[in-house]
Amino acid sequence: MKNIILKNIIGIALIALFASACSSDMLEEHPRAMYTPEYFKTPQGVQMGLTSLYVHTRYIFGQYFYAAQETGTDEYTWANSGQEDNFQALDFDPNVTRRCTPSSSRADVLWNAVFSNINTASGIIENAANAGINESMISEARFWRAWDYFMLVQTFGGVPLDLGAGELKFNSSAATTSVRNTVPEVYTKAIFPDLKMAIDNLPDNGRLTGTITKTAARLYLAKAYLTYAWWLENPNNIPTYPNCQRTDPDGQTAAWYFQQAYNVALQGIDNPGPFGLMDYYYDVNLGSKDRNKEIVLYSDHCQDEYYNQASLSWSNGSAPENYAVWYVTCQTENIRSSGDGGATYGIQSVTRAATQWGGRPWTRMAPPIGVFTNTFADKTNDSRYDGTFAAVYPANMAQAGKTNPVVNANGMTVYSGQPILTFLDEDNPNVVYPSGDGSSGVGAGTLPGRADWVINPSGINRRYYPGLWKLGTYRTDNGTGVGQPNGAITRPWNIAKFSELYFIAAEAAVKGATGNKSARDLINVIRARAGKWRYSNNGQYSMPNGDGTLDPASNDHNEAMKAATPATIDINYILAERSREYFGEGYRWYDLVRTQKWEEIAGQISICATGSHTPVTVTRNMTKQNYLRPIPQGQFDRMTMTDEEKAAYQNPGY
């Protein structure tokens, strides 16, 4: 598949992977124009090839692929500015004309990035032993080949194992035809064998900072077993492609694979190596604590233009930059206050800033109302709402060099650092909204005695909504100002977390797997942690000391959280907990597709139209064929196959 599957297969420019080039335990840059089979037989070739395997994640995460991971789920729908791009196409909204097609699905980002990486991994696996490289390092390549195929099979169904030189063989010449393998073949020939060998040979502690470990391989093998078990069971009769019987080549059942998922996940929990749960949910995603012990796998970015491959002052939004959080950041810079005592409201009191609550607003994706009224209904005991969203936007006139203080809602004075706009935790019937945008500039309402503009959860619309704090900008070079919020995000993109081992085991237990920990036991480990507060992200602005610090002893709700867990857990509860834990991190479409709950859980959403605070219910028109993304159009443009062969290659419905 010339220029698609084999694009850069023999050659790729290498860049540095990790955050600091001055540390001796991090991968370093040694650019090379081309890879050849002979190069993989040298120690330098293997090491540089391994570096490129890590680098390729930058061409997947933190950009347009995020739209395919989240839009059209119960977590996100298209936002005001999303109607100008492919976000509507992924939403299956019957009220819009854009539809998910081979040209608009944005799953092309994944397809275009991974096949060259798979070939590089195969080159290392075939040749590295001849260069004296031990199996521990070769197993890093095995992990990445399995990881790429796992991402592909979840997204597209069966995909080709033969890139032109035979199944799972390194190919050195471009091919312009292709044959897709079936789903069972991809799992049993590529994913499972590579991950099992990786587990046997990878170290507990990474070879270098951030490299693959035994824990990462266990997590993905457990998740692959879990996903394949669901595929075999097929409870809602979702079609597969290429067409095949839903039987395992080794004769195992779905129940057997659910049990394997449980067993491997428990092995990961019981043998954590350097990984484990952070004490507080808030700290898992806090910018100053990035690369913490809970992060098993990440795609690194850093505060250095050379190694980050991106300008720190301005980004155009393209790979390999990390900028996806801008999609879910609304236009808070439209908020207005008064600098003349309330006569006119023309002061921009919230300026975009390079801080975790701020950043650059693109407003492409908006969370539906149910996120705040159902998913995160408990905002008192459960810290995960507070540790996920920026729901309070503070004035920052002092940092932006503007008039300070200002007059805000109800003619009351607000100083920098105090709330300007608040998305309320619960609906308050006393909120009075203006006609149109009002004095606030964003159509926000007022409550008696409050100086901040307010919006009820039921008043969230496609233009104004809480931002995704957990993925927000974090930089240390702002000085006393707002910094440079228009540069690409310098934080790593977290791909996998240790906490997911608990969710995988719990989901397998719900599906019948047995062991010494029940689904409720496992979920309550996560929920107990969520009940422990040491900080109030959104409440900090109203606290006396203004820094959000709480007394952990008097803000420990772990017992209340555990008591509220149902005695019998079902798959819907697992999915709700997964959304509370991983909201907006790119898990959701895969979770709903794996469990075949997409139509049931995300088939209907409620959100207000732009400029309105009246909820509108949207019933999406996704079909069972949409459980697979379309093979990208670019693939067909570069294949020399007949129209009939191309049609047979494409997933049905597209």
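The values are calculated or read from the model by the stated rules, or taken from the named source; none is laboratory data. All values reported here derive from a predicted model rather than from experimental measurement. Glycine gets a Cβ as well: all are built from the backbone with ideal geometry, and neighbour counts include every protein chain shown. Surface areas here come from the heavy atoms of the whole protein model, side chains and all, with no ligands, DNA or RNA. Shrake-Rupley method; radii C 1.70, N 1.55, O 1.52, S 1.80 Å.
A few notes on this one:
- Given (1) surrounded by fewer than 17 Cβ atoms within 10 Å (Cβ to Cβ); (2) without any contact (Cβ under 8 Å) to a residue 24 or more places away in the chain; (3) under 20 Å from residue 377 (Cβ atoms), number of the condition residue 553 does not satisfy: (3)
- Residues being open to solvent by less than 10 Å² (accessible area, probe 1.4 Å) and farther than 19 Å from residue 363 by Cα - total across region 428-446: 1
- Which listed residue, of 582, 587, is at pLDDT 95 or above, open to solvent by 10 Å² or more (accessible area, probe 1.4 Å) and of a type in the set (Phe, Trp, Tyr): 587
- Region 514-528: number of residues that are within 30 Å of residue 423 (Cα to Cα) and either of a type in the set (Val, Ile, Thr) or touching a Leu at 6+ places or on another chain (Cβ under 6 Å) (or both): 3
- Conditions (1) in contact with a Ser or Thr (Cβ under 8 Å, 6 or more places away or on another chain); (2) among the small types (Gly, Ala, Ser); (3) surrounded by fewer than 24 Cβ atoms within 10 Å (Cβ to Cβ): number failed by residue 343: (1)
- Residue count for region 604-630, restricted to those that are within 18 Å of residue 653 (Cα to Cα) and not basic (Lys, Arg): 8.
- Any chance residue 248 is out of contact with any Asp or Glu (no Cβ under 8 Å at 6 or more places or on another chain), closer than 30 Å to residue 623 by Cβ and not in a helix (DSSP H, G or I): yes
- Residue in region 366-380 that is touching a strand residue (DSSP E or B) at 6+ places or on another chain (Cβ under 7 Å) and either small (Gly, Ala, Ser) or more than 18 Å from residue 614 (Cβ to Cβ) (or both) present: yes
- If you check 148, 74, 162 for being touching a His at 6+ places or on another chain (Cβ under 9 Å) and not hydrophobic (A, V, I, L, M, F, W, C), only one passes: 148.
- Hits in region 251-299 - residues which are farther than 26 Å from residue 509 by Cβ, open to solvent by less than 50 Å² (accessible area, probe 1.4 Å), in a helix (DSSP H, G or I) and in contact with an Asp or Glu (Cβ under 8 Å, 6 or more places away or on another chain): 282
- The residues of region 447-465 that are open to solvent by less than 30 Å² (accessible area, probe 1.4 Å) and either modelled with pLDDT under 95 or more than 17 Å from residue 412 (Cα to Cα) (or both), listed by number, are 455, 456, 457, 459, 460, 461, 462, 464, 465.
- Enumeration of residues in region 432-447 that are in contact with a strand residue (DSSP E or B) (Cβ under 9 Å, 6 or more places away or on another chain) and over 19 Å from residue 351 (Cβ atoms): 432, 433, 434, 438, 443, 445, 446, 447
- Scanning region 393-421 for residues that are surrounded by fewer than 23 Cβ atoms within 10 Å (Cβ to Cβ), free of Cβ contacts under 8 Å to residues at least 60 places away in the same chain and not in a loop (DSSP other than H, G, I, E, B) gives 398, 410, 413.
- Condition check for residue 570: in contact with a helix residue (DSSP H, G or I) (Cβ under 8 Å, 6 or more places away or on another chain) and open to solvent by 70 Å² or more (accessible area, probe 1.4 Å): yes
- For region 95-208, the helices (runs of 4 or more DSSP H) that sit wholly inside it and include 2 or more residues that are touching a residue at least 40 places away in the same chain (Cβ under 8 Å) and open to solvent by 40 Å² or more (accessible area, probe 1.4 Å) are 108-127, 192-201.
- Check on residue 318, more than 19 Å from residue 492 (Cβ to Cβ), open to solvent by 10 Å² or more (accessible area, probe 1.4 Å) and hydroxyl-bearing (Ser, Thr, Tyr): no
- Considering 321, 333, the condition of being in a loop (DSSP other than H, G, I, E, B) and among the acidic types (Asp, Glu) is satisfied by 321 alone.
- Residue 430, sole failed condition from (1) in contact (Cβ under 8 Å) with a residue 24 or more places away in the chain; (2) part of a loop (DSSP other than H, G, I, E, B); (3) farther than 28 Å from residue 64 by Cβ; (4) of a type in the set (S, T, N, Q): (1)
- Among the residues of region 166-191, the one identified as modelled with pLDDT of 95 or more, of a type in the set (A, V, I, L, M, F, W, C) and out of contact with any helix residue (DSSP H, G or I) (no Cβ under 7 Å at 6 or more places or on another chain) is 179.
- Breaking point among (1) in a loop (DSSP other than H, G, I, E, B); (2) under 21 Å from the mean Cα position of the chain (by Cα), for residue 450: (2)
- Conditions (1) open to solvent by 10 Å² or more (accessible area, probe 1.4 Å); (2) of a type outside the set (Lys, Arg); (3) at negative phi; (4) in contact (Cβ under 8 Å) with a residue 60 or more places away in the chain: number failed by residue 309: (3)
- Scoring residue 211 on the criteria (1) in a helix (DSSP H, G or I); (2) crowded, with 21+ Cβ neighbours inside 10 Å leaves a single failure, condition (1).
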